[in-house]
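The values are calculated or read from the model by the stated rules, or taken from the named source; none is laboratory data. Quick caveat, the model's predicted, so the values are computed rather than measured. Remember, those area values only see protein heavy atoms, side chains included, never the ligands or the DNA or RNA. Shrake-Rupley method; radii C 1.70, N 1.55, O 1.52, S 1.80 Å.
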Amino acid sequence: MEFSAGHRRYGEHTIVALTGDIDVHSSQRLRELLIELVGAGSRRLVVDLDQVTFLDSTGLGVFVGIFHRLRAGNGTLAIAGGAPRVREVFHVTQLTRIFPLHETVEDAVRPAGEGVLEP
Amino acid sequence: MKVVLEMTLPRDAGSAPLARHTLDASLRGLGVTFDIRADIALALGEACANVIQHARASREYEVRAHVDDRRCVIDVIDGGRDTDPVAWDGTGAPLNAEHGRGLQLIQAFTEELHIKDRAHKNGAIVHFEKSLAG
């Protein structure tokens with residue numbers, strides 16, 4: 001399924017809703033979009049994976065890169081939603097140890113639901 | 001029944017979704033379940049991404065899939081790399097790294113992952129298999 005993305009502000013959060021396949025073909029566009037949002041001042045990104053149909057290691061690499069970029073400016077990155085298949089790649093690669101994986105966007109934007117980004 | 005699918009693909013980023021979707025459509029037609037198809041699609045996507053990103057000496061690469069009632073056996077064959085051959089020690093990437101998780105994912109979701117140099121030719125073969133028994 002063709003990749004697309006949209007974003008909206010929710011309080012101090014920026015919620016980025018992704019759709020379709022995130023892979024070696026689309027990950028560069030994802031990277032550019034997230035870098036643009038961070039460059040424009042977004043410091044609390046929540047990536048909504050509910051409509052993502054495929055996610056591979058190149059997509060994971062984009063999230064790790066953005067995580068570093070945000071952390072350098074005291075920002076946060078949270079991942080929310082997603083089909084079991086999509087969520088599983090975060091667990092297998094143990095990336096859940098560096099950024100939180102929430103069931104829903106609502107969980108991610110709840111003050112207590114925010115992970116503390118430790119090195 | 002046996003099905004053999006061979007694709008010769010240009011080494012560009014668009015070839016990865018093309019290969020995934022082509023194999024997935026065949027497997028769906030053969031009645032393979034969603035979860036198993038998803039595992040195969042992820043592993044194939046990772047193997048293709050690896051070639052696209054690293055096999056800079058290749059203009060094209062091949063995907064060969066052999067499917068029977070029990071297994072799907074896949075080889076992804078490139079024509080040469082300008083750096084080291086596919087090197088992997090069986091562990092995952094460092095947690096903070098942006099690259100290096102592809103082979104870890106292939107191993108997690110399929111079986112019999114082997115990476116070998118091609119005999120008498122430049123390039124490497126990434127081989128993996130998936131039981132279709134569920």
**Asked** Accessible area drop of at least 50 Å² (1.4 Å probe, protein heavy atoms): which residues of the range B:41-59 qualify, relative to the chain alone?
**Response** B:LEU42
**Item:** With every protein chain in place, the range B:3-131: carbon and sulfur % of accessible area (1.4 Å)
**Value:** 48
**Asked** In the range A:62-105, which residues become less accessible by 50 Å² or more once every protein chain is in place, relative to the chain on its own, using a 1.4 Å probe?
**Response** A:ARG85, A:VAL92, A:THR93
**Message:** Roughly how large is the A-B contact in terms of buried accessible area, totalled over both chains, probe 1.4 Å, nearest 100 Å²?
**Reply:** 2100
**Message:** Taking every alpha carbon pair in the range B:3-131, what does the distance histogram look like in 10 angstrom bins from 0, in percent?
**Reply:** 13, 47, 33, 7, 0
**Message:** Per residue, how large is the accessible surface of the protein assembly as shown? Use a 1.4 angstrom probe and give square angstrom.
**Reply:** 48
**Complete:** Here the Kirkwood hydrodynamic radius of the protein assembly as shown, Cα-based and in Å, equals 18.8
**Asked** Expressed as an acute angle from 0 to 90° and rounded to the nearest 10, what is the orientation of the C-alpha long axis of helix B:15-29 relative to the principal long axis of chain B?
**Response** 20
**Prompt:** Could you give the angle, 0 to 90 degrees to the nearest 10, between helix B:34-54's Cα long axis and the longest principal axis of the Cα atoms of chain B?
**Reply:** 20
**Item:** Karplus (6.51, -1.76, 1.60) ³J(HN,Hα), θ = phi - 60°, over the range B:104-118, in Hz, Gly and Pro reported as x
**Value:** 4, 6, 4, 5, 5, 10, 9, 10, 6, 5, 9, 10, 9, 6, 6
